[in-house]
Amino acid sequence: VSIVRDMPDPFASSNQQAFLPPEMAGFSSAMRIAIPLVVSAAATLNILLVRQAAVRGQSTVGAAIRGAIGTMLIVIGTAWWVRKRDDLKRMFKQFMADGRAQTAQQRRMP
């Protein structure tokens, strides 16, 4: 997840980041840190799930299968995000540009 993230374009207009409210900048920074941690913690959670099943006297095989299914969902979701993130980013930028154009148009009207 951290490797496929793009570095900021040094030639892109930096005014977009200048107008970003601090609340959104903090949220995006938190997400940049949290997403790789959540994805990497999935394997540890599987081990803890099997250990807890053994402590409770439940089926460890069943717990391992449930953990594997959860991990596969995370892997599939991450792979989908890696493949679609550029399209999603493009759609978000278009949405923001349309909103700015709409706001500018409303300000021009008397």
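Tabulated results
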item	result
Search result, residues across region 59-87 that are in contact with a helix residue (DSSP H, G or I) (Cβ under 8 Å, 6 or more places away or on another chain) and farther than 15 Å from PRO36 by Cα	SER59, THR60, GLY62, ALA63, ALA64, ARG66, GLY67, ALA68, GLY70
Positions within region 54-96 being surrounded by 10 or more Cβ atoms within 10 Å (Cβ to Cβ) and outside any helix (DSSP H, G or I), in sequence order	GLN58, SER59
Unmet requirement for MET96, which otherwise passes all of (1) free of Cβ contacts under 8 Å to residues at least 12 places away in the same chain; (2) more than 24 Å from MET31 (Cα to Cα)	(2)
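Read-outs throughout are calculated quantities, based only on the coordinates presented, and are distinct from any laboratory measurement. Keep in mind it's a predicted model, so treat the numbers as computed, not measured. Every residue, glycine as well, gets a Cβ built from its backbone with ideal geometry; the counts of neighbours run over all protein chains shown.
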